[in-house]
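Remarks on the structure that follows.
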Amino acid sequence: MQKELLTENDFATVGEEISHELAGSFVQNYMEKYPNDMVSYHIGRNIIEHILAQPGCVGMRFYNALNEAGKKTLVYVGIDASGKDIVKKVVVQGDGTLATVKASVADRAGSSDDGSSFGDWLAHLFGF
């Protein structure tokens, strides 16, 4: 029983707020190790809320991916309380019957790689 308690995850509570200094350090460490990698992505609130509003959704998972043009992107899906990807959902159809359909999966994260220097970027984002 104790082992189960230690290994269970409450996926709805994963993540925590961190300081700007720690965030800047994390980003700087990554960029120093991977200087040619994508700086960041941006994702709109509407699609995040759409995914989180699916029945049983307690969080999101982000997958690294390559789009049709071969550029790096993210694919994001909802996860349930067990940490499993939500791949199907039940919906009410126009005639009032229930149907199981594919769950929402998203892409089209915007790249924030605007060509500015890394130092300028850190200064803008974190005040360094």
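Label positions at H20 and A99, each projected 7 Å from the Cα along the C-beta direction, are separated by 5.0 nm. Over segment 41-111, Cα pairs under 8 Å with separation of 6+ residues give a relative contact order of 33 percent. Applying 0.36 nm per residue to the separation of D107 and V75 and subtracting their alpha-carbon distance, the gain on full extension is 11.0 nm. Size descriptors for segment 41-111, from the alpha-carbon set: Rg then Dmax equal 13.6, 42 Å.
In this label model, L66 and Y41 are separated by 1.5 nm, measuring between points 7 Å along each Cα→Cβ vector. Counting charges near I86 (Lys, Arg +1; Asp, Glu -1) among other residues having Cβ under 13 Å from its Cβ returns a value of +3.
Since every read-out is calculated from the coordinates, none of them should be taken as a lab result. Not measured: the values here are computed from a predicted model. Using ideal geometry, Cβ is built from the backbone for each residue, glycine included, and neighbour counts are taken over all protein chains shown.
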